[in-house]
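**Q** Supplied in structure tokens, the structure appears directly below.
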Amino acid sequence: MNILLLGGGGREHALAWKLAQSPLLTRLWCAPGSAAMAALGDCVPLDPCDPAAVAIFARDRSVDLVVIGPEAPLAAGVADAVEAAGVAVFGPSAAAARLETSKTFAKQIADACGAPTARWARFDALAPARAYVTAEGAPIVIKADGLAAGKGVTVAETVEQALAALDAQFDAPGAAVVIEAFMAGEEASLFALCDGTRAIAFGSAQDHKRAFDGDKGPNTGGMGAYAPAPVMTPEVEARAMAGIVAPVLAEMARRGAPYRGVLYAGLMIENDAPRLVEFNARFGDPETQVLMLLLESDLAPLLMAAATGSLDGCAARWRDAAALTVVLAAKGYPGAHARGEEIGGLTAAADPDVVIFHAGTRAEEGRWLSNGGRVLNVSARGATVAEARARAYAAVDKIDWPGGFHRTDIAWRAL
Ligand SMILES: Nc1ncnc2c1ncn2[C@@H]1O[C@H](COP(=O)(O)OP(=O)(O)O)[C@@H](O)[C@H]1O
Ligand SMILES: [Mg+2]
């Protein structure tokens, strides 16, 4: 099987690492990939967000499957172009990816199929939004309606905070917001492989969005994750698959936008009842890094089955273990931060149960240099979350990068 993987972050390094172990793999291209991914496949200077360029490359090189890592190519219609070129693609069409790119669309779909989620209303003007918040009271949640890279949500504890969030949102021209009732509970992510009509559960995880220990500080893309999520018991998973994922898939197909790829359901779980927080139309980063450490099945045929509408009879096998990843980020992230700092000790950290995925590095004359905000995902496996965590932090301690920082409390909730 010839595979073209789009993206070059830690999530894609983890996908490449797992795909490279497939006995079915003939050739792996990564676009753009990264210096670390170059050890696993051929990195090609192809813009992953250029639908025509990706489709032409896929056809010319006899690619059997295009795997789309990040959200931006989905929103740009890369899956549509690849499918039109007659090549199988793992990742939804732009129309189906609206489950992630439009908070309003996701809420409308959830309501249309009866998937449990918070009561909501959408506003494209400030005055009625302020009136709604004042009438509803707090706590209440304000969300920008569009891709906001994790920066568009305010969980307001007071009406004053909510009003301030609205004022900030409507500073931008053309702004629109979704206002939601606050849901209490514990949050976890459920992943489902979808082939347009069928879905199979594909693991669960929990992550830490805040920059600093104790879930304090600014929101980030994610500072760590662990899997499986203890709160996602088999019963909760079954309820989420039957009550949220399956009806949403059916509704998308009914509307002529069948969903193929991974559906990432952010859930709030209270008294074993999962409710939908949001959908993402791709794998999580850094959740994928821990999922790949636990996945026993060959990833390539599962992604191919999802891409080609043939998931029937497929199931993923998992190790009976836990995995955890610690994100090493550049000091200052998610704000301004340095690049080009040397990182040492990466080989010293090697252990059979530890894998260091690169999220933002480059190589220069045999040295690794920082090249982004989130830079490394130090990931480990163990019999328990506690064991995985001890291994991951032991590996972190061997890494020499004075310009980096990390959280020291990943998975505190599970311990
Ligand atoms: N209705 C809600 N009730 C409680 N918390 C919420 C609600 N909606 C969102 N949140 C919190 O805000 C976070 C971000 O919201 P989310 O919808 O996931 O947006 P995004 O990931 O696009 O920033 C969630 O992970 C969750 O912690
Ligand atoms: Mg989210």
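Each value in this text was obtained by applying a stated rule to the coordinates, not by laboratory testing. Because the structure is a prediction, the values reported are computed rather than measured. Don't worry about glycine lacking a Cβ; one is built from the backbone with ideal geometry, like all the others, and counts go over all protein chains shown.
**Q** State to the nearest 20 debye the size of the charge dipole of region 254-324 about its Cα centre, where the only charges are +1 on K and R beta carbons and -1 on D and E beta carbons. Show your work: numbers first, answer last.
**A** Details: 7 positive and 9 negative charges, 75 e Å.
That gives region 254-324 a dipole magnitude of about 360 debye.
**Q** Amide H to amide H, which residues 5 or more places from G77 or on other chains are under 5 Å from it, using H placed in the peptide plane?
**A** Amide H neighbours of G77, under 5 Å, 5+ apart: A94.
**Q** Multiply the residue separation of T197 and C314 by 0.36 nm, subtract the distance between their alpha-carbon atoms, and state the gained length in nm to one decimal. Working shown, then result.
**A** Values: separation 117, 0.36 × 117 = 42.12 nm, distance 1.34 nm.
Full extension from T197 to C314 adds 40.8 nm.
**Q** Moving to a separate point now. Using alpha-carbon positions, what is the distance between the centroids of region 1-41 and region 321-335, in Å?
**A** Computed from Cα coordinates, the inter-centre distance equals 21 Å.
**Q** Evaluate the charge dipole of the chain about its Cα centre and quote only its size in Debye, nearest 20, assuming +1 on the Cβ of each Lys and Arg and -1 on the Cβ of each Asp and Glu.
**A** Values: 36 positive and 47 negative charges, 43 e Å.
About 200 debye.
**Q** Still on this structure: In whole Å, what is the distance between the alpha-carbon centres of region 189-230 and region 344-415?
**A** 18 Å
**Q** Which is farthest toward the positive dipole end of the chain among A135, G91, P402, measuring Cα position about the Cα centre, with Cβ charges +1 (Lys, Arg) and -1 (Asp, Glu)?
**A** With unit charges placed on the Cβ atoms, the residue in question is G91.
**Q** Here is a follow-up. Test of understanding: what is the full-extension gain from D397 to T158, defined as 0.36 nm times their sequence separation minus their Cα-Cα distance? Mind dumping the intermediate values first?
**A** Numbers: separation 239, 0.36 × 239 = 86.04 nm, distance 4.05 nm.
Residue separation times 0.36 nm, minus the Cα-Cα distance, leaves 82.0 nm.
**Q** Do any trypsin sites (Lys or Arg not before Pro) in region 235-326 lie in a loop, going by DSSP, with at most 15 other beta-carbon atoms within 10 Å of their beta carbon, and if so which?
**A** R255, R317, R319
**Q** Assuming R0 = 30 Å, what is the FRET efficiency of F212 and A250, from their Cβ-Cβ distance, to the nearest 0.05?
**A** Details: r = 42 Å, r/R0 = 1.39.
Plugging the Cβ-Cβ distance into 1/(1 + (r/R0)^6) gives 0.10.
**Q** Another one. Report the Cα centroid-to-centroid distance between region 248-305 and region 106-171 in angstrom, as an integer.
**A** Taking the Cα centre of each part, region 248-305 and region 106-171 sit 24 Å apart.
**Q** To continue, here is another question. Using modelled backbone amide H atoms (1.01 Å from N, in-plane), which distant-in-sequence or interchain residues come within less than 5 Å of V67's amide H?
**A** Those lying under 5 Å, H to H, from V67 are L4, L5, L6, F90.
**Q** Continuing with this model, one more query. Measuring from label point to label point, each 7 Å out along Cα→Cβ, what is the R362 to R122 span in nm?
**A** Simple spin-label model gives 4.0 nm for this pair.
**Q** Positive end of the charge dipole of the chain (Lys, Arg +1 and Asp, Glu -1 on Cβ, about the Cα centre): tell me which of A329, V245, V78 has its Cα farthest that way.
**A** Going by the charge dipole, the pick is V78.
**Q** Which value, in debye to the nearest 20, describes the size of the charge dipole of region 30-150 about its Cα centre when Lys and Arg Cβ atoms bear +1, Asp and Glu Cβ atoms bear -1, and nothing else is charged?
**A** Numbers: 9 positive and 13 negative charges, 107 e Å.
For this selection, approximately 520 debye.
**Q** Sticking with the crude label model, points 7 Å out along Cα→Cβ, report the distance from A336 to E270 in nm, one decimal please.
**A** 4.2 nm
**Q** Determine ³J(HN,Hα), in whole Hz, for all residues of region 198-207 in sequence, where each value follows from phi through the Karplus function 6.51 cos²θ - 1.76 cosθ + 1.60 and θ = phi - 60°; x replaces Gly and Pro.
**A** With coefficients 6.51, -1.76 and 1.60, one gets 10, 9, 10, 5, 9, x, 9, 7, 10, 10 Hz.
**Q** With a 10 Å Cβ neighbour count serving as the proxy for reagent exposure, in which order, fewest first, do C43, C314 appear?
**A** On the way: C43 21, C314 16.
Arranged by neighbour count, lowest to highest, C43, C314 become C314, C43.
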